[in-house]
Amino acid sequence: MNQKKPILIAGPCSVESREQLHDVVRSLAAMPEVTMIRCGVWKPRTRPGGFEGLGEQALEWMSHEQALPFCCEVILPDHVEAALRHGISTVWIGARTTANPFMVQEITEALRGTTVQVLVKNAPSPDVKLWIGAIERFRKAGIADVAAVHRGFDVFRNAGYRNNPIWEIPIELRRSMPDIPILCDPSHIAGRREPLLNLSQTALDLGFDGLMIEVHPQPDNALTDALQQLSPTAFRQMVDRLVVRQTDSRIADQELRLLREQIDHLDNQILQLLAARFEVAQQIAHIKARENLTVFQPKRWEAVLSQRLAAAHELGLSPDFVKHLYEAIHAESVRVQEEITNIIVNHE
Ligand code: PEP
Ligand code: MN
């Protein structure tokens, strides 16, 4: 069974003029893969004084373009009413709005009783519960057609992107809300053009249901997000290079079953080894407590990490991965040892 055709939403970060809108609509309407056009109409800017969108004027121009359906961001209940008046049938909730449950609630009230489709972007902080919570609010208000949009997270380590993708979070959303389609917005993850193809391919390989990508007729002159928007030509080339893979196949299933049994077995061994390792760490904690030694021993930690990294290198494992893994194991060891030390101290 082939993967369904991915949903492909594309369009400018912001509507800037009637000509710019018309140009981009003409280019996108010529691409059969494009399902909907995104248009920023109200732009919540981090600092005052920037271009904040053309509001209803843009909606008015959009209502005269018939080639494809549009979606736009709504931030206030008034925006919902204006969008509905101009025939918009899909709206999206921006990252900053999702972060604020009161604002989400107000928008749900404005949408109650309509058949509007709602796309909910994740909040900037890496907290899947805020994302789930916003989706739940729309569903409780009777909005049946809700999808999620992954636009990355604003965290201390952004991994060279504007927003770190932290793929585990949308994967967790899928696990807890399996019936909610998830789109990826690689434009706001990347913040620049170069990583867009790779990010989009990763999203499709992870089983995302579609993509939302910023496309502008003249990206370098864009009033917002100039660095990340693609020209229609670059977008066309990117879409041509994307590979849509199958989500399942009976033949592959049989081959995979045997390999997955091996993975399950190896994972059980990893867990048993970890349990044994923490047991040894507990014995060490008793000796440290008896000898009045600090739980954290920087020299020992340095030696462990450098030996493990050397071994990882020999084994062809990624040093970054092994470093993360050992940081997690060590942090847990320290926590377990602290717990034992505190129990001993409290009993004295
Ligand atoms: C946008 O889509 O143009 C936008 C402002 O995105 P986000 O809410 O993800 O920052
Ligand atoms: Mn944008």
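Nothing in this text is a laboratory measurement; each read-out follows from the coordinates by a stated rule. The structure displayed is predicted, hence computed values, not measured ones. Positions of Cβ are backbone-derived with ideal geometry, glycine not excepted, and every protein chain shown enters the neighbour counts.
Which value in nm describes the separation of the simple spin-label points at Ile171 and Glu19, placed 7 Å from the Cα toward the beta carbon?
Label at Ile171, label at Glu19, 4.8 nm between them.
Quick check on region 88-206: what are the equivalent-ellipsoid semi-axes from the Cα gyration tensor, as sqrt(5λ), descending, whole Å?
Three semi-axes, in Å: 25, 14, 13.
Select from region 187-295 those chymotrypsin sites (Phe, Trp or Tyr not before Pro) which occupy a DSSP coil region and have at most 15 other Cβ atoms within 10 Å, ordered by residue number.
Taking region 187-295 and a limit of 15 other Cβ atoms within 10 Å, no loop chymotrypsin sites (Phe, Trp or Tyr not before Pro) are found.
Below 8 Å, C-alpha to C-alpha, sequence gap of six or more: please give me the relative contact order for the chain in percent.
Once divided by the residue count of the chain, the mean separation gives 14 percent.
Can you give me the orientation-averaged projected area of the convex hull built on the Cα atoms of region 182-296, in nm²?
13.0 nm²
Within the chain, what is the number of lysine pairs with alpha carbons under 24 Å apart, leaving out pairs fewer than eight places apart on the same chain?
8
With θ set to phi - 60°, apply the Karplus curve 6.51 cos²θ - 1.76 cosθ + 1.60 along region 148-157 and write out the HN-Hα couplings as whole Hz, x wherever there is a Gly or Pro.
So the Karplus estimates, Gly and Pro as x, are 10, 10, 8, 10, x, 10, 8, 10, 4, 9 Hz.
Place a point 7 Å from Cα of Leu273 in the direction of its Cβ. Which residues in region 329-348 have their backbone N less than 20 Å from it?
329-334
Taking each pair of distinct Cα atoms in the chain once, what is the resulting Kirkwood hydrodynamic radius in Å?
The Cα-based Kirkwood calculation yields 23.2 Å.
How many angstrom lie between the Cα centre of region 217-279 and the Cα centre of region 148-184?
The two parts, judged by their Cα centres, are 12 Å apart.
When the Karplus curve 6.51 cos²θ - 1.76 cosθ + 1.60 is applied with θ = phi - 60°, which whole-Hz ³J(HN,Hα) does each residue of region 26-35 get, with x for Gly and Pro?
Per residue, the Karplus-derived 3J(HN,Hα) values read 4, 5, 6, 5, 7, 9, x, 6, 6, 9 Hz.
Let me understand region 44-133 better: what is its radius of gyration from the alpha carbons, and its Dmax, in angstrom?
13.6, 39
Please state the shape class of region 1-52: rounded when a/c is under 1.5, otherwise prolate if a/b exceeds b/c and oblate if not, all from the C-alpha gyration tensor.
Since a/c reaches 1.5 but b/c is at least a/b, the shape of region 1-52 is classed as oblate.
Within a 10 angstrom radius of the beta carbon, how do Trp92, Trp131, Trp301, Trp42 rank from fewest other beta carbons to most?
Trp301, Trp42, Trp92, Trp131
What nm distance separates the two modelled labels at Thr294 and Arg96, each placed 7 Å from Cα along Cα→Cβ?
Taking the two extended label points, one gets 4.3 nm.
Relative to a virtual label point 7 Å from the Cα of Asp145 in the Cα→beta-carbon direction, which members of region 33-73 show backbone nitrogen distances below 12 Å?
36, 69-71
Which distance in nm do the two modelled labels at Leu227 and Asp248 give, with both placed 7 Å along the Cα-to-Cβ direction?
Taking the simple label geometry, Leu227 and Asp248 are separated by 4.2 nm.
Using Cα pairs closer than 8 Å and at least 6 residues apart in sequence, work out the relative contact order for region 185-284, in percent.
Worked out over region 185-284, it gives 24 percent.
What is the helix-to-structure angle for 250-290, meaning the angle in degrees between its Cα long axis and the longest Cα principal axis of the chain, kept from 0 to 90 and rounded to the nearest 10?
Once rounded, one gets 50 degrees.
Within region 86-230, what percent of beta bridges assigned by DSSP are antiparallel, to the nearest 5?
Among the beta bridges of region 86-230, antiparallel pairing accounts for roughly 5 percent.
Show the residues, 5+ positions off or on another chain, whose built amide H is closer than 5 Å to the amide H of Trp92.
Cys72, Glu73, Val74, Leu119
Return one number: the angle in degrees, 0 to 90 and rounded to the nearest 10, between the long axis of the Cα atoms of helix 101-111 and the longest principal axis of the Cα atoms of the chain.
Compared with the principal axis, the helix lies near 30 degrees.
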